[in-house]
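Below: one structure, written as structure tokens.
The values are calculated or read from the model by the stated rules, or taken from the named source; none is laboratory data. Nothing here was measured: the structure is a model prediction, and the numbers come from that model. Positions of Cβ are backbone-derived with ideal geometry, glycine not excepted, and every protein chain shown enters the neighbour counts.
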Amino acid sequence: MSPSPPAGPIRVLIAKPGLDGHDRGAKVVARALRDAGMEVIYAGLRQTPEEIVESALEEDVNLIGLSILSGAHMALFPRVLALLKQKRASRIRVFAGGIIPDEDARRLKRMGIRAIFGPGSSLEEIVATARKLAGPSHS
Amino acid sequence: MSRRPVPPLPPVARRVLRGDRQALAQLITQVENRDPAALPSVRALYPHSGHATVVGVTGPLGVGKSSLLNLLLAHLRVQGKRVGIVAVDPSSPFSGGSILGDRIRLERPPGDDGVFIRSMAARGHSGGVALATRETVRLLDAFGMDVILVETVGSGQADVEIREVASTSVVVVVPHLGDEIQSLKAGLFEIADVFCVNKSDLPGADSAARYLTEMTQLVPEKGAWRPVVVLTSTTIPSGVSDLWDAVLRHEAFLDANGSRRVRARRQLTDEILGLVRERVDARLTSVLAQEPDLQALLDRVVAREIDPYSAADRLLAEVRREP
Ligand SMILES: Nc1nc2c(ncn2[C@@H]2O[C@H](COP(=O)(O)OP(=O)(O)OP(=O)(O)O)[C@@H](O)[C@H]2O)c(=O)[nH]1
Ligand SMILES: [Mg+2]
């Protein structure tokens, strides 16, 4: 065993839970993360929390990025966190983007969503945060 | 050679054999990262592999490979087969990152643990099949998957590597072949055990199939496998059971004439030689890094005091020395 295992690229699952129908924002973020050297598993639209967590575990990602516009975040995000916990996979960190009111954002952060990006966020900011969340073993 | 006692299974290997999906997923990551920590488990799991049918599905961008995998997956799950999927996509040559989007097409009932899907970036290895693909397939095999489907993007040139992993290679094309014909001739044609003309709901499918069938008639040797051509559509689902039957026919052919063993031995030879080359290479790199007289040696070659062959002999002697 090497003392510090060689870390590969950061792996991120990008998914869109809920029923809203377009994923332009999620795709833009996916591309930015790719351009920053990350491996982005794009799971697509209308994913249930169960599907998201199942994919994240199979893909052994470091991060899950959830994108949502439909307003169902207070139901769906905590469910993702709960499932991760149930699977003993809370090492996987979750961030989110979309239209989320400040009050909800505060509550979600308390529940364990690590970062929340509103419509005005810059891609640089998202990439930097993703890097930081993935931890020091990834460059 | 005397048989050595079997060492106890490393904990991770034991977890994989017990069906622990997270242990499998994490071991695959280590393999992808070429983390030496994976080796004990990888080695211990090798004897547990060798049971799965490994099918490569390759073809140009966007021809419907993942959509076909989705239908094959359903077809096989109905038969009770446990299915592993490895979907390989290219990495960006600029950033090294990638977007792996094949999962979008793959649906399955929630909680179905007879399926394991893994996306993989080629990480700069040419030929579509990443170095780690072979080992990942083997891990899925040891995990107990009956069928393993490997999707790779094939441009026709460098994708022969899929043959080093799969026992049957399916090449997917679409009706309006156009420019792809040339690349088919160049590369994909040689690797196809089965041709799948997908999007057969679009015009031109029949003539494409006819063209390919004619091409397969040109296969020279007697007794050689003649690629089967099937028509499929995933939008108006059809032909998927024909596709799987064609795969099984090829698998039966491999068994009937003994070529399965020949193929496996060739694959293993390539793999083992690759491992040896890699280690010799690594050793050479470290010798070069440590060789204080390398510049001096070069100077002597430049000055014609010694010839390049003698210089190579000297370096080789260093490589051979135990580190
Ligand atoms: N008309 C028609 N379209 C199809 C068929 N199969 C797939 N498609 C469409 O072709 C596009 C690509 O499908 P995928 O299954 O993602 O193709 P792929 O070969 O896996 O793509 P890459 O992995 O990006 O190379 C999608 O828009 C599909 O809806 C088919 O049988 N008929
Ligand atoms: Mg695909």
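Going through B:86, B:42 one at a time, which residue ends up being among the β-branched types (Val, Ile, Thr) and under 30 Å from residue B:234 (Cα atoms)? Walk me through it before giving the result.
On the way: B:42 fails: under 30 Å from residue B:234 (Cα atoms).
B:86 is the lone residue from the list that is among the β-branched types (Val, Ile, Thr) and under 30 Å from residue B:234 (Cα atoms).
Which numbered condition in (1) touching a helix residue (DSSP H, G or I) at 6+ places or on another chain (Cβ under 8 Å); (2) more than 12 Å from ligand 1 (Cβ to nearest atom); (3) of a type in the set (Val, Ile, Thr); (4) in the same structural domain as residue B:231 (by TED's automatic domain parsing) is the only one that residue B:78 fails?
Single failed check for residue B:78: (1).
Just checking, does region B:93-100 include any residue being in contact (Cβ under 8 Å) with a residue 60 or more places away in the chain, of a type outside the set (S, T, N, Q) and within 11 Å of ligand 2 (Cβ to nearest atom)? Walk me through how you get there before you give the answer.
Residues of region B:93-100 in contact (Cβ under 8 Å) with a residue 60 or more places away in the chain: none.
Scanning region B:93-100 turns up no residue that is in contact (Cβ under 8 Å) with a residue 60 or more places away in the chain, of a type outside the set (S, T, N, Q) and within 11 Å of ligand 2 (Cβ to nearest atom).
Against the definition (within 14 Å of chain A (Cβ to nearest Cβ), over 30 Å from residue B:249 (Cα atoms) and modelled with pLDDT under 95), how does residue B:34 come out, yes or no?
Values: within 14 Å of chain A (Cβ to nearest Cβ): yes; over 30 Å from residue B:249 (Cα atoms): yes; modelled with pLDDT under 95: yes.
Yes; evaluated as a whole, the condition is true for this residue.
Matching residues to (1) modelled with pLDDT of 90 or more; (2) within 16 Å of ligand 1 (Cβ to nearest atom); (3) of a type outside the set (Ser, Thr, Tyr):
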position: B:67; (1), (2), (3): yes, yes, no
position: B:71; (1), (2), (3): yes, yes, yes
position: B:74; (1), (2), (3): yes, yes, yes
position: B:87; (1), (2), (3): yes, yes, yes
position: B:115; (1), (2), (3): yes, no, yes
position: B:118; (1), (2), (3): yes, yes, yes
position: B:124; (1), (2), (3): no, no, yes
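Can you name the helices (runs of 4 or more DSSP H) wholly within region A:1-103 that have at least 3 residues being closer than 16 Å to residue A:127 by Cβ? Write out each step before concluding.
On the way: elements: A:24-35, A:49-59, A:73-86.
Because the criterion is at least 3 residues that are closer than 16 Å to residue A:127 by Cβ, the helices (runs of 4 or more DSSP H) in region A:1-103 that meet it are A:24-35.
Could we say that residue B:94 is aromatic (Phe, Trp, Tyr) and at the interface with chain A (Cβ under 9 Å from one of its Cβ atoms) here? Step through it out loud before you land on a result.
Working: aromatic (Phe, Trp, Tyr): yes; at the interface with chain A (Cβ under 9 Å from one of its Cβ atoms): yes.
Considered against the rule, which asks whether it is aromatic (Phe, Trp, Tyr) and at the interface with chain A (Cβ under 9 Å from one of its Cβ atoms), residue B:94 comes out as yes.
Got at least one residue in region B:46-53 being away from chain A (no Cβ under 14 Å), under 30 Å from residue B:250 (Cβ atoms), among the aliphatic types (A, V, I, L, M) and touching an Asp or Glu at 6+ places or on another chain (Cβ under 9 Å)? Talk me through it step by step, then tell me what you get.
Taking region B:46-53 first, the residues away from chain A (no Cβ under 14 Å) are B:46-53.
Keeping just the survivors that are under 30 Å from residue B:250 (Cβ atoms) gives B:46-53.
This time we only want the ones that are among the aliphatic types (A, V, I, L, M), so: B:52.
Filter once more, so that each one left must be touching an Asp or Glu at 6+ places or on another chain (Cβ under 9 Å): B:52.
Yes: one or more hits.
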